[in-house]
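Beneath this line is the structure, given in structure tokens, with notes to follow.
The values are calculated or read from the model by the stated rules, or taken from the named source; none is laboratory data. A quick note: this is a predicted structure, and the numbers were derived from the prediction, not measured. Neighbour counts are summed over all protein chains in view; Cβ atoms, including those assigned to glycine, are modelled from backbone coordinates with ideal geometry.
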Amino acid sequence: MRANLVVRFVFIVVAAVVLIWTLFPVYWLAVTGVKTQTDVLTRPPVWLPNPDWHFYRDLLTAGGIATGSGFFSLIDSLIISSGTTLLCVIFGAMAAYVLSVFPGNVPTGGKSMAYTILTFRMFPPIVPTIPLFWLFYTLGLLDTHASLIIAFTTFNLPFAIYLMKTFFDDIPRPILEAALVDGYSPFKLFWKIALRLAIPGLVSVSALCFVFSWNEFLMSLILTATKVRPYTVLLATWMTSMEIAWAHRAALAVIGIIPPILLVWILRERLVRGMTLGAVR
Amino acid sequence: MPTLSTSGVTKQYGKKLALENVNLSVDAGSFTCLLGPTGAGKTTLLRIIAGLEKPDSGAIHLGDRDITGLPPGERKVGMVFQTFALYPHMTVYQNLASPLTNMKLSKDEIDKRVKETSAFLRMDKLLQRKPRELSGGEQQRVAIGRALVRRADLCLLDEPLTNLDFKIRSDMRFEFRRMKDQLQQTILYATPDPEDALAMADKVAVMNNGRIEQYDAMTSVYSHPSNVFVASYFGQPAMNLIDCVFKEEKDKLVLDAQSFTIDFTPLKSSIPREAVGSKLVLGARPMHLQLSTQKPDPPFLNGKVYLSEVLGSVTVVHVTVGDVLLRVFVSAVRRIPSGTPVWLSYELERFHLFDAQTGKAIR
């Protein structure tokens, strides 16, 4: 009984430490965002400031020095992430469907394909970024949404295909064969049967693609300049003529955390089911 | 009039020959069973006919069309899978309508046919349900309905009873017969269970190791199995097979099975000369041995009960005669104590004889 209590106590202490360790940066971020200009860098720090929302107001409404860049960077990120997600899901699902259901129509039966696809994700992102810079420079696509959508799609599509394929693989073959006998064309089979049965996979893939693109920094930094500026880039580089905009950055970061959390929250049930469905084979 | 004919269909998976030169012709409106153990090639043959696999060689004709190269959807063949393979996200109605939608029929025509089929299979009340809300037997009906609704030239059934409970099986057997009789649907039915073939088939093709061992009317295959495999496989409980050899003693012809002898003199004229002296296998169906606990009129064998096995409402008594164990069918529930002395009377005409080397039937 006593030993039990001790174990419990130790467990709670450890859990509390881990929790504080993990959540402190988030807390610090949130708090910094609502401090007044003078409180941001004072010593000793202000732990629980009287909330001042003017940085958020600056970000989300017109007015104030940083207005345009903060608000529009979020819009930029949203456009880029949604575009990437859409392309990855559409092409990923179609490619994965063919690899899974008609491997005979793919060179080498699709066996080396999955491997090739995965190796695509193995080298560090900076390696292809330099050539991509020149490529987009030549095409006149630098500093556009398109450049980042193309770049992110290139990198997320292999992963999307690979993950989607496990979901198509999980559909019992007789269902697909019955559909072929029933006269479904390969495309109709994809659209009316296979895709409907792989919806958990679709959800997982979209969530992951969105989060990857939303949080991407390195390529965004190199391929954009002034017209397009994803919020991750702005977070790292935001300065005004007066100061390094710490509070603005904090506010922007807090807003930036929200979409992925919201997305995962909305999709959580399908996501969890999707993850386990894909994993347990 | 043959509706389906396969000629020289061969299929190889790696080193394994799944089908070897299969020639089968199925009459329109007939119920044909492909009977054989797992791995005999039944499913492969059905899948090739449906167009889900390509044969390495050979051709398939349906009516006067060569369908060998056609995609599955254009063959006018319906198929029921062992696992039912319903579309889980569609209602029963949508499941039944899907082949018709693909045929681009009008909405009214689709509705009419779905209603007809569901009425025939007595599932009109289930139309708005999803497959997961149905019992196994009901799912099976939907799967059958989906194959029937399009009025295909041929309906393929791949072990449709394997995943069902014992009780539903006999109901479904009746259902399949009704389907064939009332709708004149041509049916090709693959099963490992001889009882399916006995209960439903007009004709039986017994398959083993990718070959058709015998193909004939059900009753002919049963009463005249062409080889040891067919004899042992087709029949429930299985035929007794005993190694033996003929011996001539003066005018008499005696079958010597080590543990017992049987006087074959009355049938001497029907035994080919070359069979005498060569190694043979005697085949005796369990129902052709008459068990009695008192000494009957000859001819008979005598032995001791080894075990009584009650199956449903009949009994299979295992009897040791000398060194061999014979299965004997008793059409009643009886538990005869082990060790009880019993007599087995027989009719000579009922015995089968096979060449031990080739397995081929001698008589």
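Observations
- Failed criterion for B:LYS279 (all others in (1) more than 22 Å from B:ALA147 (Cβ to Cβ); (2) out of contact with any strand residue (DSSP E or B) (no Cβ under 7 Å at 6 or more places or on another chain); (3) at pLDDT 85 or above; (4) surrounded by fewer than 15 Cβ atoms within 10 Å (Cβ to Cβ) hold): (2)
- Some residue of the stretch A:253-261 being of a type outside the set (Lys, Arg), at pLDDT below 85 and either buried (at least 18 other Cβ atoms within 10 Å of the Cβ) or outside any helix (DSSP H, G or I) (or both): no
- Some residue of the stretch B:244-264 being under 11 Å from the mean Cα position of the chain (by Cα) and within 29 Å of B:GLY36 (Cα to Cα): no
- Residue within the stretch B:323-341 that is of a type in the set (S, T, N, Q) and in contact with a helix residue (DSSP H, G or I) (Cβ under 9 Å, 6 or more places away or on another chain) present: yes
- No other residue among B:LEU183, B:LEU198, B:LEU188 is closer than 21 Å to B:GLY58 by Cα and among the hydrophobic types (A, V, I, L, M, F, W, C) apart from B:LEU188.
- Candidates B:ALA147, B:ALA201 - the one that is among the small types (Gly, Ala, Ser), farther than 25 Å from B:LYS115 by Cα and at pLDDT 90 or above: B:ALA201
- Note on the stretch A:171-203: residues that are of a type in the set (D, E, K, R) and within 7 Å of chain B (Cβ to nearest Cβ) amount to 3.
- When each of A:SER77, A:SER100 is tested for being within 30 Å of A:PRO174 (Cα to Cα) and among the polar types (S, T, N, Q), the lone residue that passes is A:SER100.
- Residue satisfying all of: in the stretch B:60-80; in a strand (DSSP E or B) and more than 13 Å from chain A (Cβ to nearest Cβ); modelled with the lowest pLDDT among these: B:ARG65
Residues are listed down the side, and each one gets a yes or a no for (1) in a helix (DSSP H, G or I); (2) away from chain A (no Cβ under 14 Å); (3) in contact with a Ser or Thr (Cβ under 8 Å, 6 or more places away or on another chain):
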position: B:GLY137; (1), (2), (3): yes, yes, no
position: B:ALA147; (1), (2), (3): yes, no, no
position: B:ARG150; (1), (2), (3): no, no, no
position: B:ASP181; (1), (2), (3): yes, yes, no
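- Out of A:PRO158, A:PRO174, sole residue that is crowded, with 16+ Cβ neighbours inside 10 Å and touching a Lys or Arg at 6+ places or on another chain (Cβ under 8 Å): A:PRO158
- Residue check, A:PHE120 touching a residue at least 60 places away in the same chain (Cβ under 8 Å), surrounded by 15 or more Cβ atoms within 10 Å (Cβ to Cβ), away from chain B (no Cβ under 14 Å) and aromatic (Phe, Trp, Tyr): no
- Checking each residue in the stretch B:103-124 for being out of contact with any Gly (no Cβ under 9 Å at 6 or more places or on another chain) and within 14 Å of chain A (Cβ to nearest Cβ) picks out B:LYS104, B:LEU105, B:ILE110, B:ARG113.
- Those strands (runs of 3 or more DSSP E) lying entirely in the stretch B:300-363 with at least 1 residues among the polar types (S, T, N, Q) and either within 30 Å of B:ILE271 (Cα to Cα) or in contact (Cβ under 8 Å) with a residue 40 or more places away in the chain (or both): B:300-311, B:314-321, B:341-346
- Single condition A:LEU148 does not satisfy, out of (1) out of contact with any Gly (no Cβ under 6 Å at 6 or more places or on another chain); (2) on the phi > 0 side of the Ramachandran plot: (2)
- Criterion violated by B:GLY14 - all others in (1) buried (at least 23 other Cβ atoms within 10 Å of the Cβ); (2) farther than 25 Å from B:VAL230 by Cβ satisfied: (1)
- Picking from residues in the stretch B:37-53 that are facing another protein chain (nearest Cβ under 10 Å) and within 13 Å of B:THR6 (Cα to Cα), the one that is surrounded by the most Cβ atoms within 10 Å (Cβ to Cβ) is B:ALA50.
- Scanning the stretch B:152-161 for residues that are assigned to a loop (DSSP other than H, G, I, E, B) and within 11 Å of another protein chain (Cβ to nearest Cβ) yields a single hit, B:ALA152.
- B:THR186 under 25 Å from B:LEU24 (Cα atoms) and free of Cβ contacts under 8 Å to residues at least 12 places away in the same chain: no
- The single residue among A:PHE72, A:PHE11 that is within 22 Å of A:ASP143 (Cβ to Cβ), out of contact with any Pro (no Cβ under 9 Å at 6 or more places or on another chain), surrounded by fewer than 18 Cβ atoms within 10 Å (Cβ to Cβ) and modelled with pLDDT of 75 or more turns out to be A:PHE72.
- Criterion: in a helix (DSSP H, G or I), in contact (Cβ under 8 Å) with a residue 24 or more places away in the chain and either within 14 Å of chain A (Cβ to nearest Cβ) or buried (at least 19 other Cβ atoms within 10 Å of the Cβ) (or both) - qualifying residue of B:LEU34, B:LEU86, B:LEU100: B:LEU100
- Listed by position, the helices (runs of 4 or more DSSP H) enclosed by the stretch B:189-272 that each have at least 1 residues that are surrounded by fewer than 17 Cβ atoms within 10 Å (Cβ to Cβ) are B:194-200, B:218-223.
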